[in-house]
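To start, the structure under review is shown below, and the notes come after it.
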Amino acid sequence: MRNFWPWKLELRGTPSRAMTYLSPVLAVVMTMLLGALLFIALGKDPLAGLKVFLIDPFNGKRAISELLLKSVPLILCALGLAVCFRANVWNIGAEGQFTVGALFAGATLVLVDVPGHAIPGGLGLFLMTVAGILGGAFWASITALLRDRFNANEILVSLMLTYVAQLLLMYAVNGPLKDPNGMNFPQSKVFSSEFMLPALLGGTRLHIGFAVTLVLAVVMTVFVARSLRGFSLFVGGTAPHAARYAGFSSRSALWTSLLISGSFAGLAGAFEIAGPIGQLLPSVSPGYGFAAIIVAFIGRLHPVGAVLGGLVMSLLYLGGELAQSRLGLPSAITGVFQGMLLFLLLASDTLIDYRLRRKAKV
């Protein structure tokens, strides 16, 4: 049968630097165009659908603050994942590390937030933050240990540990951390206001964690671009033979990248339960750890790109929530848009190494 498609993919001589940065932009634009077609197929006004995704999240100070708030866990998880992926360590378990970080942080607040306590709020928040970081790092270290000692596949191990983490959280909120005055709901007590993250913008839920996230993005930019350790992780991921020749340890790269990634995810979990949630719940995350994988690749595995990618993904989360309430669409619409974005990003990335050429007429 004759092939009527007039184009073919042709290998470039060198990867296109321009397409490296244009690919995420192209993927976002095509996602919105396909989203408009999806709204039409669902019998909805495509302009109204795109409005709730692209315009309404910027409608006023409160809306913008919610957009920035939603981006905090996405950016933090993506910052850690970017380090792992640059080192060619495929950590798919940021969701589990996020959950355990939230669990450790929540348990700490339950212990210190008692009547007549002598711990000031600032110290309690510090202990909560450290506990969250340690919890995420501990959970990531299990993956590092199994990969290091038994050469277990880190993709499968980190992913399966996510479900173990969720079961641990379910046990905790149904057992030792359950609120005795919570009418038998699986949740911890609501934390006192002094143990909640301070507001960054008056009259909104945006907390100081957003400012911390931006500072950490700057720190990680310096780490990956200006430090010997960051350079060694990058070389180890892209050219392992050159890394060994230069004396860089692949084992050290494995542990360093996973511990950094787990720490960032754990910090994100701590910020979430001491920020917008205010207590420990069975569902502390709507999938931030998994969505952060897309964020990291949208950002080209760069810390600054992770910030921009986190804002884009936050836009999809808020747009999906608004589409449910205002257009009557199912909750799955958020996942559909995320899936389209990932698929189109992978398709667009093809143009980094290949170009479209028109077939010669026969």
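Taking a straight Cα-Cα cut-off under 27 Å and skipping sequence neighbours fewer than 8 places away in the same chain, the lysines within cross-link reach of Lys189 are Lys70, Lys178. Among Ala18, Ala105, Ala332, the largest mean-square fluctuation in a Gaussian network model of the chain, built with springs joining Cα atoms closer than 10 Å, belongs to Ala18.
Distance between the modelled labels on Val114 and Asn59, one decimal in nanometres: 4.8 nm (7 Å Cα→Cβ projection). For the charge dipole of the stretch 281-362, defined by +1 on Lys and Arg C-beta atoms and -1 on Asp and Glu C-beta atoms about the Cα centroid, which residue among Val336, Val284, Ala323 has the Cα displaced farthest towards the positive pole? About the Cα centre, the residue reaching furthest to the positive side is Val336.
About the centre of its Cα atoms, the chain shows a dipole size close to 1500 debye [charges on the beta carbon of Lys, Arg (+1) and Asp, Glu (-1) only; nearest 20 debye]. Just want the answer: with Cβ charges of +1 for Lys and Arg and -1 for Asp and Glu, which residue in Val312, Trp5, Ala87 is farthest toward the dipole's positive end in the chain? Going by the charge dipole, the pick is Trp5.
Would you mind counting up the charge near Val89? Only other residues with Cβ under 10 Å from its Cβ, with Lys and Arg at +1 and Asp and Glu at -1. Don't skip to the answer; put the middle values down first.
Numbers: positive: Arg86, Arg147; negative: Glu154.
My count for the surroundings of Val89 gives +1.
How charged is the neighbourhood of Phe223? Take every other residue with its Cβ under 13 Å from the Cβ of Phe223, and add Lys/Arg as +1 and Asp/Glu as -1. Mind dumping the intermediate values first?
Working: positive: Arg86, Arg226, Arg229; negative: none.
Result for the neighbourhood of Phe223: +3.
Here the Gaussian network model covers the chain, with springs between Cα atoms less than 10 Å apart; of Gly203, Gly175, Gly96, Gly203 fluctuates the most.
With a probe of 1.4 Å, find how much accessible area the stretch 166-308 has per residue, and write the answer as a whole number in Å². Could you put the intermediate results ahead of the total?
Working: 6670 Å² over 143 residues.
With all protein chains present, the stretch 166-308 gives 47 Å² per residue.
Between Val215 and Leu201, the modelled label-to-label distance comes to 2.0 nm, taking each label 7 Å out from Cα in the direction of the beta carbon.
Per the Kirkwood formula applied to alpha carbons, the chain shows a radius of gyration over Rh ratio, Rg over Rh, of 1.01.
Solvent exposure of the stretch 1-43 amounts to 76 Å² per residue of accessible area, where only protein heavy atoms count and the probe is 1.4 Å. Highest mobility in the GNM of the chain, judged by mean-square fluctuation with C-alpha springs under 10 Å and restricted to Ile293, Ile133, Ile64, is found for Ile64. When you restrict to C-alpha pairs under 8 Å that are six or more residues apart and normalise by the size of the stretch 178-258, the relative contact order lands at 12 percent. Our note on the geometry: Cα centres of the stretch 138-207 and the stretch 94-116, 7 Å apart.
With helices as the sole contributors, the chain gives -23500 deg cm²/dmol at 222 nm; each DSSP H run of n ≥ 4 counts as -39500 (n - 2.57), and the sum is divided by every residue. Amide H contacts under 5 Å for Tyr354: Arg12, restricted to partners 5 or more places along the chain or on a different chain, H placed in the peptide plane at 1.01 Å from N. The lysines within cross-link reach of Lys359, meaning a Cα-to-Cα straight distance under 20 Å and a gap of 8 or more places when in the same chain, are Lys8.
Close amide H pairs (under 5 Å, H built 1.01 Å from N) link His207 with Leu200, residues at least 5 positions away or on another chain. For the stretch 278-362, a simple Cβ point-charge model (Lys and Arg +1, Asp and Glu -1, everything else neutral) yields a dipole of about 640 debye relative to the Cα centre.
Hydrophobic, long helices, defined as DSSP H runs whose alpha-carbon span along the helix axis is 18 Å or greater and whose mean Kyte-Doolittle value is at least -1.0, occur in the chain at 17-41, 61-86, 94-112, 121-150, 154-174, 209-226, 250-273, 303-327, 333-353. The value obtained for the stretch 1-160, namely the Cα convex hull volume divided by the number of residues, is 271 Å³ per residue. Subtracting the Cα-Cα distance of Phe150 and Leu346 from their residue separation scaled by 0.36 nm leaves 67.4 nm.
The values are calculated or read from the model by the stated rules, or taken from the named source; none is laboratory data. Remember, predicted model here, so these are calculated numbers, not experimental data. Because the Cβ atoms are built from the backbone with ideal geometry, glycine has one as well, and the counts that use them run over all protein chains shown. Please note that ligands, DNA and RNA were not included when accessible areas were found on the heavy atoms of the full protein model with its side chains. Shrake-Rupley method; radii C 1.70, N 1.55, O 1.52, S 1.80 Å.
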